[in-house]
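What follows is a single structure, written as structure tokens, with notes after it.
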Amino acid sequence: MDIQRGLAAGIGALVLAACQPADTPPETGDTSAAAETGSSTTNSVSTDFTVDVSYHQLDNGLRVVLSQDHTVPTATVGVYYGVGFRNEPRGRTGFAHLFEHLMFQGSRNLPHGAFDNLIYGSGGVNNGSTRYDFTNYYEVVPSNALQAVLWAEADRMAFPDLDENQLNNQREVVRNEVFVNVINQPYGGWIWIDLPMAANENWHNAHNFYGDLSDLDAASLEDAQTFFDQFYAPSNAVLVVAGDFDREETLGWIEEMFGHIPAGDPLPEIDTSEPRQDEEKFAFIEDDLANQPALAVGYHMPPRGTPEYYAMAVIDQLLVQGDDSRLTQAIVNEEGYASGVFGGINLLGNAFNYNGPMLWTVGLIHDSEFTVSDVMTTLDATIEEIRTEPVSEADVERARTKLLADFYGTVDTSTRFGLVDLLASFALFDDDPSRINRITEGFQQVTPELIRQTAQEYLRPGNRTVLEVRLADADGTTPEGEE
């Protein structure tokens, strides 16, 4: 139930979060229902990979995505609510994550602990997470347990058990996470909390997502009930079921179990837009627990789904992802400034599961003998090549192959969680889960000239924020000249 379980393990987990492992893309899934999605479908380019998608909407607004795949006798259920870090109220930083914990505390027919017992007793697993634009709850269970899991999710959507004791208990759990994962962790929230706070202007994108302790302490039961009433309604939710099940039977269960829940009131309007950045920003933090300085650079991304967005995904592969990436070659192999370079689009997820302003990020922990100026000189020279010199067709194709392998690796896992995540995101943000079968087209249309044009606009120094992690002297002060 952590915001990002991997982040608790430190910087290495950030690399994994931004660059998921790639597998060879096999043909998977039952494609017989591809024409039953209710949406227009375009054949994927240069691949036979097709996901079965059946899309429905209940009268109360709940969007339902069903994806059959009988290869493994399990079912994966995901319930995604359109509320994340960006939606939490001012003065209640960390509240979206706190509320995620509260939803695990029981419901009318499943008191505290009974939900977990139901899942684990069937041989399944479950968890939840909070991201920029959604909070999700998911289970992977044997197929014969699917009906019971759907009933359990419907029960906590309709009747969560919210009381003062549970609020106080989970507040302490989250406070402990803040200490363990951020305050008492070397580099803490440096790149996923501090960098967005420095780079963005809009409070909704620029506050402490994990939560200031004073805000967590101030959260009340009334706040929790208001938050639930506003955001945890069927009209703001997507239910995805992927795996081994009967489509018509499962849709019938869903209509029976979820259809009676009131749709909910219209969502409050929240402006999450960011102004264009024209001047480079610089910031620093001191870290008493770090033993080497670190550097993070964040560039504002093009709007999601545009041609430039796809070009940035290819640029990400060229510059950061893998041992053959240009920044790894320049900073690690040639100059020896650091043992590794990491980064990507949306470090708290992937390039697809967000819906608002986002950063493309580069991060590294470098040896103390090298200065920020040393590292930035090499970084600038490497990025300037992308901005001014044409990328070869061979380099574009190699980057595209890596990117598509990552995409297929995300979709095709035994738990099907990556598949559920993408289907839910495309339904929640685009009202079109069948987009998963057309996503490769955007990458196929990226050309060397589009890469150059995109880099010219989005990799300019005026569009970036540079954040240093500095070491404090033994007396706790910043070294001279670094004020």
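The values are calculated or read from the model by the stated rules, or taken from the named source; none is laboratory data. Computed from a predicted model, the values in this text were never measured in an experiment. Because the Cβ atoms are built from the backbone with ideal geometry, glycine has one as well, and the counts that use them run over all protein chains shown. Surface accessibility is based on the protein's heavy atoms, side chains included, excluding ligands, DNA and RNA. Shrake-Rupley method; radii C 1.70, N 1.55, O 1.52, S 1.80 Å.
Does region 459-483 hold any residues that are modelled with pLDDT under 95 and open to solvent by 50 Å² or more (accessible area, probe 1.4 Å), and which are they?
Asp473, Ala474, Asp475, Thr477, Glu480, Gly481, Glu482, Glu483
Let's see how each residue does on (1) out of contact with any Cys (no Cβ under 6 Å at 6 or more places or on another chain); (2) touching a residue at least 40 places away in the same chain (Cβ under 8 Å); (3) among the hydroxyl-bearing types (Ser, Thr, Tyr):
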residue: Thr272; (1), (2), (3): yes, yes, yes
residue: Asp287; (1), (2), (3): yes, yes, no
residue: Gln317; (1), (2), (3): yes, yes, no
residue: Pro357; (1), (2), (3): yes, yes, no
residue: Thr371; (1), (2), (3): yes, no, yes
residue: Val375; (1), (2), (3): yes, yes, no
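Can you tell me which residue is farthest from Phe407 (Cα to Cα) among those in region 339-350 that are over 8 Å from the mean Cα position of the chain (by Cα) and surrounded by 22 or more Cβ atoms within 10 Å (Cβ to Cβ)?
Here the answer is Val341.
Against the definition (under 18 Å from Phe85 (Cβ atoms), in contact with a helix residue (DSSP H, G or I) (Cβ under 8 Å, 6 or more places away or on another chain), modelled with pLDDT under 95 and not β-branched (Val, Ile, Thr)), how does Gly189 come out, yes or no?
yes
So which residues in region 259-292 are open to solvent by less than 50 Å² (accessible area, probe 1.4 Å) and under 19 Å from Asp380 (Cα atoms)?
Selection gives Gln277, Lys281, Ala283.
Restrict the check to region 212-234 and report whether at least one residue is under 28 Å from Tyr137 (Cβ atoms), over 26 Å from the mean Cα position of the chain (by Cα) and touching a residue at least 60 places away in the same chain (Cβ under 8 Å).
Yes, the conditions are met somewhere in region 212-234.
When only residues in region 180-194 that are closer than 10 Å to Ile285 by Cβ and in contact with a Gly (Cβ under 9 Å, 6 or more places away or on another chain) count, which is most open to solvent (accessible area, probe 1.4 Å)?
Asp194
Has region 250-270 got at least one residue that is in contact with a helix residue (DSSP H, G or I) (Cβ under 8 Å, 6 or more places away or on another chain), at pLDDT 95 or above and among the charged types (D, E, K, R)?
no
What is the residue count in region 363-405 for residues that are among the hydrophobic types (A, V, I, L, M, F, W, C) and over 27 Å from the mean Cα position of the chain (by Cα)?
7
Which residue, of Phe370, Phe342, Phe352, is in contact with a strand residue (DSSP E or B) (Cβ under 7 Å, 6 or more places away or on another chain) and of a type in the set (Phe, Trp, Tyr)?
Answer to the selection: Phe342.
Residues being closer than 16 Å to Thr454 by Cα and in a strand (DSSP E or B): count how many of those fall in region 349-380.
Total satisfying the criteria: 3.
Inside region 60-109, can you point out the residues that are β-branched (Val, Ile, Thr) and closer than 16 Å to Phe159 by Cβ?
Residue satisfying the conditions is Val79 alone.
What are the residue pairs meeting all of these: first residue in region 157-184, first residue in contact (Cβ under 8 Å) with a residue 12 or more places away in the chain and in a loop (DSSP other than H, G, I, E, B), second residue of a type in the set (S, T, N, Q) and surrounded by 20 or more Cβ atoms within 10 Å (Cβ to Cβ), Cβ atoms under 9 Å, and 6 or more apart or on different chains?
Partner pairs satisfying both residue conditions: Phe159/Ser107; Asp161/Gln105; Asp161/Ser107; Leu162/Gln105; Asp163/Gln105.
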